[in-house]
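The values are calculated or read from the model by the stated rules, or taken from the named source; none is laboratory data. Keep in mind that what you see is a predicted model, and the values were worked out from it rather than measured. Glycine gets a Cβ as well: all are built from the backbone with ideal geometry, and neighbour counts include every protein chain shown. We work out accessible area using only protein heavy atoms, side chains counted, and drop any ligands, DNA or RNA first. Shrake-Rupley method; radii C 1.70, N 1.55, O 1.52, S 1.80 Å.
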Number of protein chains: 2
Amino acid sequence: MDKRATIKDVAEAAGVGVATVSRVLSGGSASPQTRERVLAVAAQLDYRPSALGRNLRQRRTGGMGLLVPDLTDTFHAQLAEGVLACARAAGEPVVLGSTGGDPEQESELIGMLLEQSVDRLIAVPSGDEDTWAPAIRAGMTVVFADRLPARPSSDEDDDPAARAVNDLMLLDGVPAGARPRGLDVPSEVADDRAGIRTAVRYLRGLGHRRIAFLGGPGHDRRAAAFGAAVGAPVDEELVVFATGSRDSAYAAASGLFQSRPDLSAVVAGGNVLGVAAVLAARELDLRVPRDVSLVMYDDVPWAELCSPPLTVIAQPGRDMGYRAAELVLRSGGRRPRGAVLPTELIIRGSCGPHRP
Amino acid sequence: MDKRATIKDVAEAAGVGVATVSRVLSGGSASPQTRERVLAVAAQLDYRPSALGRNLRQRRTGGMGLLVPDLTDTFHAQLAEGVLACARAAGEPVVLGSTGGDPEQESELIGMLLEQSVDRLIAVPSGDEDTWAPAIRAGMTVVFADRLPARPSSDEDDDPAARAVNDLMLLDGVPAGARPRGLDVPSEVADDRAGIRTAVRYLRGLGHRRIAFLGGPGHDRRAAAFGAAVGAPVDEELVVFATGSRDSAYAAASGLFQSRPDLSAVVAGGNVLGVAAVLAARELDLRVPRDVSLVMYDDVPWAELCSPPLTVIAQPGRDMGYRAAELVLRSGGRRPRGAVLPTELIIRGSCGPHRP
DNA sequence: CTGAAAGCGCTAACAG
DNA sequence: CTGTTAGCGCTTTCAG
């Protein structure tokens, strides 16, 4: 009752060799006669092939790893649900890790996955390309979701021109592999350029001129898109970044509102920043949308909870995860580049006309 | 560059036997001299022991499985983060599965974990004890979190008296193992009896008499606690259950408000039901808290987003997950029974005095 | 079409 | 203290 039947048990009970059992169970050739008998015995013994044996033999674990910064960020949870749905359909296990947005923890988790011989990995990356190079080199099939790793800081400083080019390509969703010295990794990301542009245009149409962007780690593409959407010259003070924690997000939002009372609208780069903005505004007695209009990235179930309900830039988190999983599973054939998924501006009640 | 070094490589390079390498790396005895050499070579070769080999040898996979109904339920995400934090600290992998609240999918995932020889499992169960018996029988170490599996339906129907007793014991957090014919599984759950009682008393103190309970799958204990808190006779119409989807939650809330316009307060058994209640109330032009007071289970980051901010029964989701992981990892020694964790009523703005 | 045999990388006896 | 050896359960040549 405690120990499971092995392939050997089945072979003996069916009066065949283990190889035959293996073939039958993995769809190899066998006479209908034998096949039936083996299948019957296997069912009878409630035999389940051990992934352990198979994995060792094939020198790789099936399934995939999934690394996200923080599951309590509802968007990441949606993405994870998508990955899990695809994995479940494929009968494959998913090894999950939460990095807390910390490149170091990310590295450690990659190491752990390597140790487990998990050679397929979906990640919402926190570290830069240097963090990810080892994983690629180790032969892992990785797919990035939601965002791409930043370029190593040394490059940024050394070569601002290259960085600018890179940012532009980033915006267009050009895969890193096509970028100079980048990683060759497919990815599933949202069309941030279009998403942000639509939002900014919408706010402009409402009469807003001083629009701020409130971002978090990994929102560089969105910030760049914001810059492009508002057009030069960008008021740098209106682009602020938090560091990842909810407290930091709140502080950043609060600081923004206080230092720039002239702003009339803000675009939050993610749902965590969105709630931070609402809370900070409320604390400062700024009414949404009367005093300040707000558009938040991510359509989450509780966006409507706010009154008025939040206008959002929806991105298909679940699809993104599902597609990333499909991609990483198809590592056999030609590797598609991944895709840039559409966003949608869902207008609810958190934006109003500019009141001078 | 592509293939990793094996223990054999290290042994050869260090001029020792593989057993010695194994010993050194797992803290066995070895002369300082040898130990140092082995360590040096291992580092030099960037050797990482393969979990595959070890697992097969030990006929078990390290780490643990984690099964939750739905990650986009923020409480489950918090719980998962707790589990991941503990696992990360222990360097153990976590295989995650999302059941969608469906016992059948749950069974399949258990089967998948069995196939992977993952013999430690933390679960927020959806199926009843019959669903879980196979896992236990198979020798898995399981720990339940947040809730316990329901008793099989046959028992319920056959023996209402036993069911009543069981409910009471459930309320007191008596582990299933101590209940007649129950599963012997440790668990980490919140003190629902106290949590609900505190909330009901609070509402009573505000003058509310017609208080409803809005529950979802797995909220039986909370419903029972609610019954106990309001005292007999319980108005059965004021206790309603949704089936798991957000739509169902909304429908249940909406139906409740419409069928019983006399109710003045509702206790939502989880955050999903909480937002459903807010949305349904808003749709029916019921103001919170003027027309209806609301207390929601789960303190989530966005509870304050609502205006007024939601009064909640907080339960330590992260701790719950962390503790469950500790418990399942300590499967070697004596197995503690788990614990009933405290809840806290956090009063914000969604409850007001009863206005007749 | 089928069986025997050789390992995958590792640990746990068992000798030396 | 250390090396040799025997598998863990499975897939995959390679003969038959």
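Observations
- In the full protein context, the range B:1-115 carries 46 Å² of accessible surface per residue, based on a 1.4 Å probe and ignoring ligands, DNA and RNA.
- Rounded to the nearest 500, the helix-only mean residue ellipticity at 222 nm of chain A stands at -13500 deg cm²/dmol, with each DSSP H run of n ≥ 4 adding -39,500 (n - 2.57).
- Compactness check for chain B: Cα Rg over 2.2 N^0.38 Å is 1.21.
- Averaging the Cα positions of each part gives two centres, and for the range B:227-298 and the range B:26-50 these lie 62 Å apart.
- At least 40 Å² of accessible area lost relative to the chain alone, listed for the range A:97-130 with a 1.4 Å probe: A:Ser98, A:Met112, A:Glu115, A:Gln116
- Shielding of peptide A:290-301 by partners, expressed as the average count of other chain Cβ atoms within 10 Å per residue Cβ, is 1.
- The range A:92-152, Cα convex hull volume normalised per residue, Å³: 78
- Ratio Rg/Rh [Cα only; Rh per Kirkwood] for the range A:78-119: 1.03
- Formal net charge of residues neighbouring B:Asp9 (Cβ-Cβ distance under 13 Å; K, R +1; D, E -1): +2
- Given charges at beta-carbon only (K, R positive; D, E negative), |dipole| of the protein assembly as shown in Debye: 1020
- Modelled spin-label separation between A:Asp184 and A:Arg287, with each label point placed 7 Å from Cα along the Cα-to-Cβ direction: 5.9 nm.
- With contacts taken as Cα pairs under 8 Å and at least 6 residues apart, chain A reaches a relative contact order of 17 percent.
- Other residues lying with their Cβ under 10 Å from the Cβ of B:Val312 contribute a combined charge of -3, Lys and Arg counting +1, Asp and Glu -1.
- Sorting the segments A:85-98, B:230-243 by their residues' average number of neighbouring beta-carbon atoms within 10 angstrom, most packed first, yields A:85-98, B:230-243.
- The distance separating the Cα centre of the range A:58-132 from that of the range A:305-356 comes to 20 Å.
- Accessible surface of chain A, 1.4 Å probe, proportion on carbon and sulfur as whole %: 50
- In the range A:44-90, burial by the other protein chains removes 50 Å² or more of 1.4 Å probe accessible surface, compared with the chain on its own, from A:Arg48, A:Leu52, A:Leu56, A:Leu71, A:Thr72, A:Glu81, A:Leu84, A:Arg88.
- Here each label is just a point 7 Å from Cα along the line to Cβ, and for A:Val18 and B:Ala89 those points are 4.1 nm apart.
- Cα Rg, Dmax (largest Cα-Cα span) when computed across the range A:230-356, Å: 17.3, 59
- Buried accessible surface for the A/B chain pair comes to about 4900 Å², total over both chains, computed with a 1.4 Å probe.
- Most to least packed among B:281-290, A:247-256 [average Cβ atoms within 10 Å]: A:247-256, B:281-290
- Size of the range A:28-87 as Cα extents on the principal axes (Å, biggest first): 54, 23, 21
- Shape analysis of the protein assembly as shown yields a ratio of the Cα radius of gyration to the Kirkwood radius, Rg/Rh, of 1.00.
- FRET efficiency, A:Arg201 to B:Glu344 (Cβ-Cβ, R0 51 Å, nearest 0.05): 0.65
- Rg [Å, one decimal], Dmax [Å, integer] - the range A:1-151, C-alpha atoms: 19.9, 60
- Each of A:Ile7, B:Gly231, A:Ala253 was scored by the projection of its Cα onto the charge dipole of the protein assembly as shown, and the greatest displacement toward the positive side belongs to A:Ile7; charges sit on the C-beta of Lys, Arg, Asp and Glu.
- With a cut-off of 14 Å between beta carbons, the residues surrounding A:Asp235 carry a summed charge of 0, where Lys and Arg count +1 and Asp and Glu -1.
- Highest GNM mean-square fluctuation among B:Ala280, B:Ala14, B:Ala303, for chain B modelled with Cα contacts below 10 Å: B:Ala14.
- Its Cα gyration tensor gives the range B:182-278 an equivalent ellipsoid. The semi-axes, each the square root of 5 times an eigenvalue, are 21, 18, 11 Å from largest down.
- With a Förster radius of 22 Å applied to the C-beta separation of B:Arg330 and B:Lys8, the computed FRET efficiency comes to 0.05.
- Pairwise label distance in nanometres, A:Ser259 with B:Arg59, each label 7 Å out on the Cα-Cβ vector: 6.3
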